[in-house]
Amino acid sequence: MIDPDPKLESTPGMPDEAARIRSSRIATVAIVVASVAVLFLVGWLTTPQFVQWSNLRNIIRSGAMIGMMALGITFVTLSGNFFSLSVSQTGAFAAIAFAFLMSWGWPLPVALVVVLLGALLVGAAQGGLVALGGNPIVVTLGFGAALFGLGSILTDNKTIRHGNTAADWMGTGRPLGIPTQTWAFIFLCVIAAVVLTRTRFGRNVLFVGANKYAAAASGIRPSRVAVQVFAISAMAASIAGLFLSAQFGEGRLDSFAGDDINAIAAILVGGAALQGGEGSALRTGLGAVFIAALDNLMVLRKFSFGVRRFWVGVAILAAVSLFNYLRSRARTT
Amino acid sequence: MRSPNGIAPIIRTWAAAFPGAAGRAVRRIPPITWARAGLFVVVFLAFALTDSRFSRVVNVYTIFEGFAWLGLAALAVGITIIAGEFDLSVGSAAAVAGILAMMLIGDLGLVPTILVVALIGMAFGLVQGMLIYRLRIASLVFTLGSLIGLRGLAFMISGENTVVMPNLELAKTVKQQLGIFSPFSLTTLGIFLLVGLFLRYHRYGREIFAIGGGRNEAIAAGVPLARPLIIAFGLSGTIAAITGALLSVKSGSAAPTGFETLLLPAVTAALIGGVSLFGGKGSALGIVTGTLTIRFLISGLSLRGAAYYVERLAVGVLLIIVVVLELVLDRPELRARLRLWRLRRSMAREARAG
């Protein structure tokens with residue numbers, strides 16, 4: 001008998017590696033769910049008002065706004081294009097555009113469709129540049145600044161109040177006692193999860209993110225995927241913008257200041273791999289709830305803004321280091 | 001419409017007119033560098049020829065004041081981009097440094113304060129580089145965490161308020177006009193000279209280019225990845241801290257919300273200056289040129305009375321233009337792909353016709 005080559009057992013691609021990767025994936029899900037659970041447990045034990053229904057509703061409402069943006073960026077991240085730094089400006093611009101259209105007396109459905117189509121174009125333009133080889137961070141940074149500047153010029157840095165009540169139900173309605181934003185977020189979460197796991201497009205996104213060259217070799221066009229994911233990201237951001245605009249009856253340029261960071265935080269806390277190919281919409285949704293709940297808990301504990309930011313930063317670094325460690329252990333040991 | 005690949009041959013024919021050694025030197029400069037130098041000259045001339053106020057000593061002094069901080073920030077980000085990484089945290093690091101400077105300057109005086117803050121920035125940068133190396137995390141993700149964490153720190157140490165400098169006289173020392181320069185802009189130029197020489201001629205500086213251009217090849221050739229990586233982030237942290245400290249001293253106060261929009265103009269300046277997002281390419285002189293291009297544009301626009309937010313639109317649009325320029329001029333394989341695509345389309349058309 002010939003002894004099996006000892007090196008062969010540790011060759012990448014062997015079944016035990018697949019098993020390890022699968023178990024590290026399960027560990028990631030477990031960690032995300034556990035951290036949300038622990039956070040709520042700590043909140044429940046230390047801060048009674050944290051678990052009151054009115055407060056929980058606040059958490060899911062603010063989590064919903066971050067979450068909708070984060071779901072859009074999840075597509076970008078999973079496709080291996082890192083993230084988009086223009087979502088807050090896209091959302092704010094959508095809010096402004098919507099406020100303008102409503103103040104001109106356009107019918108609500110037309111205004112909604114026009115804003116979403118506009119976002120689609122802006123997103124596709126960014127995706128196009130990325131598809132040609134542009135760095136996603138830089139392209140979206142540039143587009144974000146251009147959108148912000150354009151928005152400043154259009155509004156002269158003022159708040160646009162539209163005084164049109166047609167969209168009020170969209171911003172303040174509470175079917176079954178839950179805010180419309182939250183319904184939209186749950187709805188989008190399910191759609192995104194189904195699209196990512198059950199459709200050809202979703203599999204293509206993950207495949208391109210996991211290995212761009214292998215995907216290209218098997219007939220998927222990474223450039224087309226890039227255009228699609230950035231369009232999705234811009235549309236998700238503009239949906240958040242539409243809800244915000246409808247809620248307050250206005251469009252403001254600083255509506256989402258700092259929210260791209262929160263959205264990206266949600267994705268990273270949800271355990272998505274920034275190099276692409278690994279992550280899920282539901283985990284991003286949980287990540288958004290985690291970030292919103294963490295912030296809410298710290299507000300109730302009267303932590304100042306700076307301390308709250310600091311801990312969000314720490315949460316990101318901890319999550320990223322931990323998930324990165326899990327993944328690298330699954331691939332290399 | 002002329003196709004973008006028409007520009008390179010024109011420049012080549014033009015460069016061929018130069019004889020001897022000068023011609024060889026001219027021909028060695030790639031088309032994208034010509035495009036950048038052209039942009040620099042065109043933006044300058046566009047304002048200098050149309051507005052007599054533009055080239056006055058006071059305005060040139062103002063341009064250099066703007067250059068002083070933007071250039072430093074661009075250098076900080078640029079070094080990490082050259083190393084094939086990306087430091088998103090420079091804005092937050094500058095904010096923390098500014099607040100530290102305001103707190104220390106009453107006791108220490110001007111120069112020691114800047115030095116101490118620079119050392120703190122260096123220590124932070126070195127630790128950040130070490131962690132990125134050890135944990136093998138993409139620097140983009142890691143510095144996103146420190147971008148948020150440091151911002152929080154800035155709020156914490158400042159008590160959420162703007163910190164005012166106790167001895168406001170020092171602000172005048174930093175920005176006093178010496179011809180077209182000030183101590184601030186001269187310091188910046190000095191830093192550029194030192195860092196530029198280090199990057200260009202020192203072995204450790206060359207290693208930063210090596211790991212940026214072809215990381216696997218560099219490692220195979222024996223470059224220790226840890227050293228250039230940690231040095232690049234150390235330099236980035238140091239320079240970001242100096243930016244924050246000097247600019248806060250100059251304005252006499254530091255706010256915890258400061259420098260939040262620093263990243264955009266800094267990256268734009270670095271990219272216009274020829275730092276390649278693919279890593280391994282760029283120079284200190286290039287970053288000087290890129291920064292000045294932006295400052296010319298902003299100065300010219302504000303002389304015309306444009307609102308401050310037009311600046312941001314202009315810088316954003318400029319960034320997009322530079323990305324597109326780099327894509328079409330600097331990527332031979334893309335041009336090849338474009339040709340292939342055209343060929344395939346025309347063949348398909350013929351096949352359909354025949």
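The values are calculated or read from the model by the stated rules, or taken from the named source; none is laboratory data. All values derive from a computational prediction rather than experimental measurement. Cβ atoms come from the backbone with ideal geometry, glycine included; neighbour counts cover every protein chain shown.
Worth pointing out:
- Count of residues meeting criterion [in a loop (DSSP other than H, G, I, E, B) and either basic (Lys, Arg) or touching a Cys at 6+ places or on another chain (Cβ under 9 Å) (or both)] in region A:295-316: 2
- Condition check for B:Phe233: aromatic (Phe, Trp, Tyr), at pLDDT 85 or above and closer than 27 Å to B:Asp51 by Cα: no
- Yes/no for B:Ala245 being more than 17 Å from the chain's Cα centre (by Cα) and at the interface with chain A (Cβ under 10 Å from one of its Cβ atoms): no
- Residues located in region A:61-82, provided they are surrounded by fewer than 24 Cβ atoms within 10 Å (Cβ to Cβ) and assigned to a helix (DSSP H, G or I): A:Arg61, A:Ser62
- Applying a threshold of 6 Å to beta carbon distances and a minimum spacing of six or more residues, or different chains, the list of pairs starting in region B:324-343 at a residue that is closer than 19 Å to A:Gly127 by Cα and of a type outside the set (A, V, I, L, M) and ending at one that is surrounded by fewer than 14 Cβ atoms within 10 Å (Cβ to Cβ) and modelled with pLDDT of 70 or more is empty.
Residues checked against (1) closer than 19 Å to B:Ile231 by Cβ; (2) among the aromatic types (Phe, Trp, Tyr); (3) buried (at least 24 other Cβ atoms within 10 Å of the Cβ):
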site	(1), (2), (3)
B:Ala73	yes, no, yes
B:Gly78	yes, no, yes
B:Val90	yes, no, yes
B:Ile99	no, no, yes
B:Leu110	no, no, no
B:Val117	no, no, yes
B:Met122	yes, no, no
B:Met130	yes, no, no
B:Tyr133	yes, yes, no
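- Some residue of region B:43-57 being at pLDDT 85 or above, part of a helix (DSSP H, G or I) and among the polar types (S, T, N, Q): no
- Positions within region A:121-164 being in a loop (DSSP other than H, G, I, E, B) and more than 9 Å from chain B (Cβ to nearest Cβ), in sequence order: A:Lys158, A:Thr159, A:His162, A:Gly163, A:Asn164
- Sole residue being among the acidic types (Asp, Glu) and surrounded by 15 or more Cβ atoms within 10 Å (Cβ to Cβ), chosen from B:Glu207, B:Glu169: B:Glu207
- Of residues in region B:150-164 being out of contact with any Ser or Thr (no Cβ under 6 Å at 6 or more places or on another chain) and in contact (Cβ under 8 Å) with a residue 24 or more places away in the chain, the one farthest from the other protein chains (Cβ to nearest Cβ): B:Val163
- Residues that are over 30 Å from B:Glu207 (Cα atoms), of a type outside the set (D, E, K, R) and in a helix (DSSP H, G or I), drawn from region B:74-109: B:Gly98, B:Ile99, B:Leu100, B:Ala101, B:Met102, B:Met103, B:Leu104, B:Ile105, B:Gly106, B:Leu108
- The residues on offer are B:Leu313, B:Leu319, B:Leu285, B:Leu327, and the sole one that is buried (at least 24 other Cβ atoms within 10 Å of the Cβ) and either more than 29 Å from B:Met165 (Cα to Cα) or not aromatic (Phe, Trp, Tyr) (or both) is B:Leu319.
- Subset of region A:227-280 (residues that are among the polar types (S, T, N, Q), out of contact with any Leu (no Cβ under 8 Å at 6 or more places or on another chain) and in a helix (DSSP H, G or I)): A:Gln228, A:Ser233, A:Ser245, A:Gln247, A:Asn262
- Qualifying residue in region A:165-174 (condition: more than 18 Å from the chain's Cα centre (by Cα), over 24 Å from B:Glu326 (Cα atoms), within 14 Å of chain B (Cβ to nearest Cβ) and of a type in the set (Asp, Glu)): no
- Residue within region A:303-325 that is more than 14 Å from chain B (Cβ to nearest Cβ) and among the charged types (D, E, K, R) present: no
- When region A:210-226 is filtered for residues that are surrounded by fewer than 24 Cβ atoms within 10 Å (Cβ to Cβ) and not in a loop (DSSP other than H, G, I, E, B), the ones remaining, listed by number, are A:Ala210, A:Lys212, A:Tyr213, A:Ala214, A:Ala215, A:Ala216, A:Ala217, A:Pro222, A:Ser223, A:Arg224.
- Within region A:271-297, the set of residues being more than 15 Å from the chain's Cα centre (by Cα), at pLDDT 85 or above and either away from chain B (no Cβ under 13 Å) or more than 17 Å from A:Ile66 (Cα to Cα) (or both) comprises A:Ala293, A:Asn296, A:Leu297.
- Scanning region A:1-60 for residues that are in a loop (DSSP other than H, G, I, E, B), of a type in the set (Val, Ile, Thr) and at pLDDT 70 or above yields a count of 1.
- B:Gly279 more than 13 Å from chain A (Cβ to nearest Cβ) and touching a Gly at 6+ places or on another chain (Cβ under 8 Å): no
- So A:Phe98, is it surrounded by 24 or more Cβ atoms within 10 Å (Cβ to Cβ), away from chain B (no Cβ under 13 Å) and farther than 19 Å from A:Ala263 by Cα: yes
- Filter pass, A:Pro179 being on the phi < 0 side of the Ramachandran plot, within 14 Å of another protein chain (Cβ to nearest Cβ) and either at pLDDT below 85 or surrounded by fewer than 17 Cβ atoms within 10 Å (Cβ to Cβ) (or both): no
- Scanning region B:97-113 for residues that are aliphatic (A, V, I, L, M) and out of contact with any strand residue (DSSP E or B) (no Cβ under 9 Å at 6 or more places or on another chain) yields a total of 5.
- Some residue of region B:328-343 being more than 12 Å from chain A (Cβ to nearest Cβ) and on the phi > 0 side of the Ramachandran plot: no
- Subset tally (residues that are more than 30 Å from A:Arg301 (Cβ to Cβ), more than 14 Å from chain B (Cβ to nearest Cβ) and more than 12 Å from the chain's Cα centre (by Cα)) for region A:55-86: 1
- Among (1) more than 11 Å from chain B (Cβ to nearest Cβ); (2) under 15 Å from the mean Cα position of the chain (by Cα); (3) in a helix (DSSP H, G or I), the one test that A:Gln89 misses: (1)
- Applying the criterion of being hydrophobic (A, V, I, L, M, F, W, C), part of a helix (DSSP H, G or I) and within 12 Å of another protein chain (Cβ to nearest Cβ) to the residues of region B:248-268, the residue that is nearest to B:Gln128 (Cα to Cα) is B:Leu263.
- Matching option when the condition is touching a Ser or Thr at 6+ places or on another chain (Cβ under 6 Å), in a helix (DSSP H, G or I) and among the small types (Gly, Ala, Ser), among A:Ala288, A:Ala319, A:Ala292: A:Ala292
- Members of region B:298-310 that are touching a residue at least 60 places away in the same chain (Cβ under 8 Å), away from every other protein chain (no Cβ under 13 Å) and either closer than 15 Å to B:Tyr61 by Cα or surrounded by 20 or more Cβ atoms within 10 Å (Cβ to Cβ) (or both): B:Ser299, B:Gly300, B:Leu303
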